[in-house]
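Here the structure is laid out as structure tokens; the discussion comes afterwards.
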């Protein structure tokens, strides 16, 4: 008997949808580093990792941990690799998603060449926009928490997103 299981982490179309969930308030008008978007996408995909002790937040953002704890019950039944391995494995799908958004003129190609993500003036199709709004409304507290990470923390250096989440190496950053 063969069993097929679906994991949204390894679906480039799902990665496109998640990136678009963060577009309007995250990267539509303000360019962000691709690494920051990768980290935000990871926590959108696996919000229960926000509650782990390896994620260090400023005292004023401790409520983000409680948001992560609300999603612990949504943890997949299947055994996941450790979070760093998982984060590394989803990178090709995130790159493919952003490449598709650039090709569709929803992300700026010039900025993307420098590994930065910035939206364009192109509008999403109405039905897709409605689905994104519905999904964001259903997970409003999570989206707000992730956007807070994007706006209140630098990406690089000591105490940046890379360092505070432990998902990427930060010690050799030029900041």
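The values are calculated or read from the model by the stated rules, or taken from the named source; none is laboratory data. Since this is a predicted model, take the numbers as computed values, not measurements. As a convention, Cβ positions derive from the backbone with ideal geometry for all residues, glycine included, and neighbour counts pool all protein chains shown.
Restricting the first member to region 150-175 and to residues that are at positive phi and assigned to a loop (DSSP other than H, G, I, E, B), and the second to residues that are exposed (fewer than 12 other Cβ atoms within 10 Å of the Cβ) and modelled with pLDDT under 90, the beta-carbon pairs closer than 6 Å and six or more apart or on different chains are 157/175.
Is it the case that region 142-151 has a residue that's touching a strand residue (DSSP E or B) at 6+ places or on another chain (Cβ under 8 Å), at pLDDT below 95 and surrounded by 13 or more Cβ atoms within 10 Å (Cβ to Cβ)? Yes, region 142-151 contains a residue that is touching a strand residue (DSSP E or B) at 6+ places or on another chain (Cβ under 8 Å), at pLDDT below 95 and surrounded by 13 or more Cβ atoms within 10 Å (Cβ to Cβ).
Checking each residue in region 166-175 for being surrounded by 15 or more Cβ atoms within 10 Å (Cβ to Cβ) and either at pLDDT 95 or above or over 15 Å from the mean Cα position of the chain (by Cα) (or both) picks out 170, 173.
For residue 76, the criteria (1) over 16 Å from the mean Cα position of the chain (by Cα); (2) under 19 Å from residue 36 (Cβ atoms) hold in every case but one, which is (2).
Contact map, region 52-66: first residue on the phi > 0 side of the Ramachandran plot and at pLDDT below 90, second residue assigned to a loop (DSSP other than H, G, I, E, B) and surrounded by fewer than 11 Cβ atoms within 10 Å (Cβ to Cβ), Cβ cut-off under 7 Å, separation 6 or more or different chains; the map is empty. Taking residue 84 as the residue in question, decide whether it is without any contact (Cβ under 8 Å) to a residue 40 or more places away in the chain, farther than 20 Å from residue 147 by Cβ and either surrounded by fewer than 14 Cβ atoms within 10 Å (Cβ to Cβ) or in contact with a helix residue (DSSP H, G or I) (Cβ under 7 Å, 6 or more places away or on another chain) (or both). For residue 84, the condition - without any contact (Cβ under 8 Å) to a residue 40 or more places away in the chain, farther than 20 Å from residue 147 by Cβ and either surrounded by fewer than 14 Cβ atoms within 10 Å (Cβ to Cβ) or in contact with a helix residue (DSSP H, G or I) (Cβ under 7 Å, 6 or more places away or on another chain) (or both) - is not met. Look through 33, 40 and report the one residue that is touching a residue at least 60 places away in the same chain (Cβ under 8 Å) and within 11 Å of the chain's Cα centre (by Cα). Only one candidate qualifies: 40.
Among the residues of region 87-136, those identified as assigned to a helix (DSSP H, G or I), exposed (fewer than 12 other Cβ atoms within 10 Å of the Cβ) and more than 19 Å from the chain's Cα centre (by Cα) are 103, 110, 113, 126, 127, 130. Screening residue 84 on (1) modelled with pLDDT under 95; (2) over 18 Å from the mean Cα position of the chain (by Cα) shows it passes everything except condition (2). Could you grab me the full set of residues in region 28-40 that are closer than 14 Å to residue 143 by Cα and either at pLDDT below 95 or touching a strand residue (DSSP E or B) at 6+ places or on another chain (Cβ under 8 Å) (or both)? Answer for region 28-40, where residues must be closer than 14 Å to residue 143 by Cα and either at pLDDT below 95 or touching a strand residue (DSSP E or B) at 6+ places or on another chain (Cβ under 8 Å) (or both): just 37.
Counting only residues that are part of a loop (DSSP other than H, G, I, E, B), surrounded by fewer than 17 Cβ atoms within 10 Å (Cβ to Cβ) and either touching a strand residue (DSSP E or B) at 6+ places or on another chain (Cβ under 7 Å) or touching a residue at least 60 places away in the same chain (Cβ under 8 Å) (or both), region 1-27 holds 3 of them.
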